[in-house]
Every structure is written in structure tokens, then in C-alpha cells.
């Protein structure tokens, strides 16, 4: 397949399953991302064709290769997850969309490895967790950085996307990590026992769903956290004023980049975390595209 590009537009570099891990964002990909806001219609046209040229991280249809040992397949998939976000063709379940997510992390503050490393160090460096759960792990960035930063910590990353889990597993192997595992799971109802983790975390997750689904995830995280354990999040900024919240929601509705951002603006995630039962809810840092929040489950 050859993209319908104008002579002055950059040409894509072939990406394979073998070189995907070592190939940084290309000039074509940088240009393509710039179209997402400047010319969404043109972006949709080209990104669909380009993603189809990317390597597929596919496997058994029921995902039997990516679930935890003994877990029944297929796992339940919520309805909201079937609606594409970020203008990704076919949504997160598309086995060829992995490259798009891999390089898009450069677009957001808390998907860049250097920022993840800095904030995990600040939040957990004084007392590294014994077991760390990263929900909505995507291509595995946060879980992998955590595993490198705290080599004695057992890290588990979960995601609804089986292709992402396959990518993350291979990426961790290539980086020589043995203390991180990846599984396909629905964060609203995991197979892990109560109080399984002394640290639970998510990065850019709750803004991708309706309010009630986000609340279900927070309740599940509370169940999974040990008494005295900690929760941390890097997620979309919840602006202080209703006017700004409405402005952000309207922009995302028009562009189609974040179809559920209006729901997130109704959630007030910090308040929702407290309502779940966590205490010491603290916003540490905020930038236009995100914020860092931590909390603690009361000790028994």
C-alpha cells in the first residue's frame, strides 16, 4: 500500500515487528500528529491507511495468551471501550494500532519516560512498594519504568487491549526485565484477590470512559489496595472553573479526540477518589494536559 501523499509531504518509514521497539518517532509520524489538530479530516484519511501498514500484535481471538493463569476467556469488555478515541482507527483493540500509541506518548506529559521516572521516584522513592499494579498500562511505559526504578518491586500491568499486552511483554523482555508481568484484564473487575497490592496506579485512564465506569474502577482499586497502601494517578487535568471544564469538553467533542472528556469533567476525580474511601488525597503537580494525584487507603 502507498499513501496518497503530496510531493512536499514526508514519506513514512517502514515499521516492522522487529524494528518497532528501536525506531524513534519518524518525521512522517511527527507531521502526521500535527495534522490531528490542524486538519482532523486529513489526519483521519491518512492515519487509517498508515496504521494498516503497521505490524500487527495479534494472537488467539479469545486472548488466551494474555490473560492471567487460570483466568477464563474471553474477558468482559465494557461498551465504552468499543468507541474509538484519539481518532485511532479501529480503536485500542486494533492489533495494528500499537505503533500509533507507541509514538503518541511523546505528545503527552505523563507518557514520556523521563516524566514517569521523575514522578514515580517522588511518590515512591522513600518507600518502594512490594507489589505495584498499573491499570490501563497501554504499551507498558509506566509499568516498565517502575520495574526498572524499583528492581525489588513486583510490577503488574493490565489493559483491555490484548495487542498492547503482547507489545508490552516483548518490550519488557528486550529491556531485560524479570520483575514485571502484563495481563489482559478489565480494571472494573479483576481476578486479583483483595488487598493484593500496596501501590495501585493509572495513567490517562479515567478520562476515557463514562462517570459510572470510572467509579467502578476506583472501587476496584480500593478493594485491591492493602490497608495503608497508596494510590497514584497521572490523568487529565480537572480545571478549577466550570467555564474551563466546559471549554475543554466542547473542544474534544468537536474534534472527536476525546469523546468522553465531558464525562470526566463531571467526575472530579480527586473528589471521587475520596468518596471511594481513600484518604490524604493530594494534587502534587498540574500542567494543561494532566495532573499528579496521590492518596492512601486507611490502615486497618
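Every number in this text was worked out from the coordinates using simple rules, so none of it is lab data. All of these numbers come straight from a predicted model, not from anything done at the bench. FYI the Cβ positions are ideal-geometry reconstructions off the backbone, even for glycines, and counts take in every protein chain you see.
Some points to look at:
- Equivalent ellipsoid, the range 87-165 (semi-axes from 5 times Cα gyration tensor eigenvalues, Å): 25, 14, 8
- Projection of the Cα convex hull of the range 204-288, averaged over all directions and equal to a quarter of that hull's surface, yields 5.5 nm².
- Space enclosed by the convex hull of the alpha-carbon atoms of the range 239-300, per residue, Å³: 86 Å³
- Counted over all Cα-Cα pairs of the chain, pairs farther apart than 32 Å make up 24 percent.
- Label-to-label distance, residue 268 versus residue 280, with points set 7 angstrom from Cα along the beta-carbon direction: 2.4 nm.
- Highest-first arrangement of 57-66, 192-201, where packing means the average Cβ count within 10 Å: 192-201, 57-66
- The shape of the range 142-300 can be summarised by an equivalent ellipsoid whose semi-axes, obtained from the alpha carbon gyration tensor, come to 27, 20, 14 Å from longest to shortest.
- Whole-number percent relative contact order across the range 152-228, with pairs defined as alpha carbons under 8 Å at least 6 apart: 32 percent
- Cα-based convex hull volume of the range 136-216 per residue, rounded to whole Å³: 92 Å³
- Computed label-point distance, nm, for sites residue 287 and residue 82 using a 7 Å Cα→Cβ extension: 3.6 nm
- Mean Cα-pair separation over length for the chain, i.e. relative contact order, pairs under 8 Å, 6 or more apart, %: 15 percent
- Residue-averaged [θ]222 nm for the chain, counting only DSSP H segments that reach four residues, each worth -39500 (n - 2.57): -11000 deg cm²/dmol
- Antiparallel beta bridges, as assigned by DSSP with both residues in the chain, represent about 40 percent of the total such bridges.
- Percent RCO, i.e. relative contact order, over the range 1-55, from Cα pairs under 8 Å lying at least 6 residues apart: 42 percent
- Residue-normalised convex hull volume from the C-alpha trace of the range 1-67: 131 Å³ per residue.
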